[in-house]
Amino acid sequence: MKTILVTGGAGFIGSNFIKYILKKYNKYQIINLDLLTYAGHMENLQEVKKNENYRFIEGNICDRKMLDKIFENDIEFIINFAAESHVDRSIIDPAIFIETNVVGTQVLLDAAKKNKLEKFIQISTDEVYGALGPSGSFNEKCSLKPNNPYSASKASADMLVRSYYKTFNLPAIITRSSNNYGPYQNFEKLIPLLIRRALKNRELPIYGDGQQVRDWLYVEDHCKAIDKVLHAGQIGEIYNIGANNEKTNIYIAKKILDYLDKPSSLIKYVKDRPGHDKRYALNASKIKQELGWTASYSFEAGLKRTITWYLNNKQWCSIN
Ligand SMILES: NC(=O)c1ccc[n+]([C@@H]2O[C@H](COP(=O)([O-])OP(=O)(O)OC[C@H]3O[C@@H](n4cnc5c(N)ncnc54)[C@H](O)[C@@H]3O)[C@@H](O)[C@H]2O)c1
């Protein structure tokens, strides 16, 4: 039995990943280290809390002493999901983004380097590449040009991970996925926010002209990609993860209203946010060709599943 230390596993993607892995394999022990910030919820892990291969530790990735204690267990893999993840919050208060996303990653790397790890996987984002014009897409060789404090903190963490691989031979891999959506996502993020407001017949706020493009990835497809990287990813490499689902924000708002049979008059354009990137698009051919990953969900199929999940999980919605 090998042990995976998952950080930030009580959040959206981390909790989906833990459930995915425990369902698929019984050869892994998962330790979930999470600070339970506003974004972390024990309810996300209800279905695995009694699984004997799952253990939860409440704590901060910036806490060196605690990490040393955790490493008294044999740990073969680290997957670092822990982060402050909301761009809007990073504009209001960047400091915590530096603390968790940059310092936290460095503390974790230090703890990892003292131990004989098989892999350290840093969960990063396409936002580190900056914004695109109307055409083209980012591949792994593109330079990093982050435009907001969140993406700058994630890009900084990526640089640190690279440096620990180059300087200390830490067996690290970086994954950069596009925007995720799916079950258990916090209501501050675009898709759950729009679903919630539409269900309550409230206005759907859309920044600027709503023409910002994001490349959407259903969270289960992201979990499958991380699974591939865990088992076949090459040390020192970067893998983009995206599903070629470029959609404008206004298209998404209209689709959600359509599925829920609500009027488009609920859409309300609001003042754009500063530094708002116009378009992201990822070239994910490397993970497809080298690791054989492909996304299973079209955007429309994933969105329908997501809406159905929020409709069927009213109790979760009421406490989040
Ligand atoms: N959501 C997306 O669309 C997306 C896309 C690409 C990459 N990512 C990256 O994936 C990772 C997970 O994103 P998410 O959407 O699940 O985020 P989330 O905000 O839902 O969850 C973050 C989790 O990290 C925990 N956490 C925060 N600070 C911590 C600390 N100091 N120590 C330990 N735990 C801490 C929180 O309690 C929470 O459970 C992040 O690194 C994010 O940058 C997210």
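Look at segment 26-45: where a residue is touching a residue at least 60 places away in the same chain (Cβ under 8 Å) and over 11 Å from GLU58 (Cβ atoms) and a partner is of a type in the set (Gly, Ala, Ser) and outside any strand (DSSP E or B), sitting 6+ places away or on another chain with Cβ atoms under 7 Å, you get ALA39/GLY11; ALA39/SER85; HIS41/ALA10; ASN44/ALA10; ASN44/SER15.
Within segment 1-26, if we keep just the residues that are within 15 Å of the ligand (Cβ to nearest atom) and of a type in the set (Phe, Trp, Tyr), the residue that is surrounded by the fewest Cβ atoms within 10 Å (Cβ to Cβ) turns out to be TYR20. On the given criteria, is GLN211 assigned to a loop (DSSP other than H, G, I, E, B) and closer than 21 Å to TYR280 by Cβ? Criteria met by GLN211. Screening SER143 against (1) at pLDDT 95 or above; (2) crowded, with 17+ Cβ neighbours inside 10 Å leaves a single unmet condition, (2). Residues that are part of a loop (DSSP other than H, G, I, E, B) and either within 9 Å of the ligand (Cβ to nearest atom) or of a type in the set (Lys, Arg) (or both) within segment 55-88 comprise GLY59, ASN60, ILE61, CYS62, ASP63, PHE81, ALA82, ALA83, GLU84, SER85, HIS86, listed in sequence order. Looking across segment 164-217 at every residue that is free of Cβ contacts under 8 Å to residues at least 60 places away in the same chain and touching a Lys or Arg at 6+ places or on another chain (Cβ under 8 Å), the one that is farthest from PHE299 (Cα to Cα) is identified as PHE168. Do you know which of the residues in segment 37-54 that are under 21 Å from GLU188 (Cβ atoms) and in a helix (DSSP H, G or I) is nearest to the ligand (Cβ to nearest atom)? Here the residue is ASN44. Based on what the data block shows, is ALA112 buried (at least 22 other Cβ atoms within 10 Å of the Cβ) and in contact (Cβ under 8 Å) with a residue 60 or more places away in the chain? Considered against the rule, which asks whether it is buried (at least 22 other Cβ atoms within 10 Å of the Cβ) and in contact (Cβ under 8 Å) with a residue 60 or more places away in the chain, ALA112 comes out as no.
Against the condition surrounded by fewer than 24 Cβ atoms within 10 Å (Cβ to Cβ), of a type outside the set (Phe, Trp, Tyr), in a strand (DSSP E or B) and touching an Asp or Glu at 6+ places or on another chain (Cβ under 8 Å), how does ILE206 come out, does it pass? Spelling it out, it is not the case that ILE206 is surrounded by fewer than 24 Cβ atoms within 10 Å (Cβ to Cβ), of a type outside the set (Phe, Trp, Tyr), in a strand (DSSP E or B) and touching an Asp or Glu at 6+ places or on another chain (Cβ under 8 Å). Only residues that are of a type outside the set (Val, Ile, Thr) and either over 24 Å from the mean Cα position of the chain (by Cα) or closer than 18 Å to ALA157 by Cβ (or both) were counted across segment 52-65, and they come to 6. Within the set ASN73, ASN53, ASN80, ASN60, the sole residue that is in contact with a strand residue (DSSP E or B) (Cβ under 9 Å, 6 or more places away or on another chain) and either at pLDDT below 95 or at positive phi (or both) turns out to be ASN73.
Residues satisfying the criterion are absent from segment 116-132 (criterion: within 24 Å of TRP216 (Cα to Cα), modelled with pLDDT of 95 or more and more than 15 Å from the ligand (Cβ to nearest atom)).
Within the bounds of segment 53-64, is there any residue that is touching a residue at least 60 places away in the same chain (Cβ under 8 Å) and not hydroxyl-bearing (Ser, Thr, Tyr)? No: zero hits. Considered as a group, the residues in segment 36-55 that are of a type outside the set (D, E, K, R) and surrounded by fewer than 19 Cβ atoms within 10 Å (Cβ to Cβ) include one that is farthest from GLU76 (Cα to Cα), and that residue is TYR38. The residues on offer are VAL48, VAL87, VAL107, VAL103, and the sole one that is over 27 Å from ASN320 (Cα atoms) and either among the aromatic types (Phe, Trp, Tyr) or in contact with a helix residue (DSSP H, G or I) (Cβ under 8 Å, 6 or more places away or on another chain) (or both) is VAL107. Would you call TRP293 in contact with a helix residue (DSSP H, G or I) (Cβ under 7 Å, 6 or more places away or on another chain), aromatic (Phe, Trp, Tyr) and surrounded by 14 or more Cβ atoms within 10 Å (Cβ to Cβ)? Yes, satisfied.
The values are calculated or read from the model by the stated rules, or taken from the named source; none is laboratory data. Predicted, not measured: the structure shown is a model, and the values here were computed from it. Virtual Cβ from ideal backbone geometry, glycine too; neighbours counted across all protein chains shown.
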